[in-house]
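First the structure, in the form of C-alpha cells, and then the observations on it.
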Amino acid sequence: MKTVTLKKSAEASEAMKHVKHIPQKQLASMMHTSRANISHLSTGKRKMQQDIAEQALKTIENGSFAVALLHRFSDGVTAPLLDGTAIDQHRLAFLAMFENETEEFAEVQHRLTLTLAKNPDQLNQDEKEQIRQFMNELIDVCTVANNALFNLAQVYNLSVKRLMNDRKAEFKKFHWIN
C-alpha cells in the first residue's frame, strides 16, 4: 500500500474563498504570514505552504475552508468539499443525501456479501470490478457524511475538532484506537 503524505504546498484559492469574510490583515495574523501573502493565496498567484496550512487549520474554525484545504493538501485522499451547483447547502439536504447514499451502499453491500467473503486472490475480473464499484459507493457515503458533519458544525457553531477529540476517548474505550 502506498504511503499517503501531505503535500509541501498546494493551490488554495478555492479554500480561501470560504474565509473571504475575514479581513486579510486578520487572516494574516491568524495564519502567521503577511497580508500580501494572503492576497496571493486568495488569487491563486502563490501556493500555500504546509506550515501556513497547519496554522490556518489550528486557528480558523470554518468547516468549508477545512474540508477544501485538507482535500488539496492530501492530494485528493480526503473528501472534497461538495459545493457544486447541484448541491443544496441546507443541513437537511445534506442529511437527505446521506440517507440516500447509505441506502445505496447497503444495497450494494447486501448484493456483494458472498464476493466480499472470498479470498481477494480468488476473485475474477468481474468480481474485482464489483468490489471497485462497492468502494466507490463507500467513498460517496464518506464524502457526503464528512460534508454533512462540517455543515452541521458550522450551522450549530460546534467545533469538529472538539467533537472528534471527545469521540476519541470513546473510541479508546471501545479499543477501536490505541
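The values are calculated or read from the model by the stated rules, or taken from the named source; none is laboratory data. Predicted, not measured: the structure shown is a model, and the values here were computed from it. For neighbour counting, all protein chains shown are included, and Cβ atoms are generated from backbone atoms with ideal geometry for every residue, glycine included.
Structure notes:
- So V77, is it closer than 29 Å to I60 by Cα, of a type outside the set (S, T, N, Q) and touching a residue at least 60 places away in the same chain (Cβ under 8 Å): yes
- The residue of segment 21-48 that is farthest from the chain's Cα centre (by Cα), among those that are farther than 18 Å from R72 by Cα and assigned to a loop (DSSP other than H, G, I, E, B), is S34.
- Scan of segment 59-79 for residues that are in the same structural domain as M31 (by TED's automatic domain parsing), in contact with a helix residue (DSSP H, G or I) (Cβ under 7 Å, 6 or more places away or on another chain) and in a loop (DSSP other than H, G, I, E, B), ordered by number: I60, N62
- Listed by first and then second residue, the pairs with beta-carbon distance under 6 Å, at least 6 apart or on different chains, first residue in segment 80-91 and not assigned by TED's automatic domain parsing to the domain that holds L149, second loosely packed, with under 13 Cβ neighbours inside 10 Å, form an empty list.
- Test for L95: is it in a helix (DSSP H, G or I), more than 26 Å from L158 (Cα to Cα) and in the same structural domain as L158 (by TED's automatic domain parsing): no
- Matching option when the condition is out of contact with any Leu (no Cβ under 8 Å at 6 or more places or on another chain) and surrounded by fewer than 17 Cβ atoms within 10 Å (Cβ to Cβ), among N62, N124, N146: N124
- Where helices (runs of 4 or more DSSP H) fall entirely within segment 104-174, those with at least 3 residues that are more than 20 Å from A68 (Cβ to Cβ), of a type in the set (D, E, K, R) and free of Cβ contacts under 8 Å to residues at least 24 places away in the same chain are at 125-155, 160-173.
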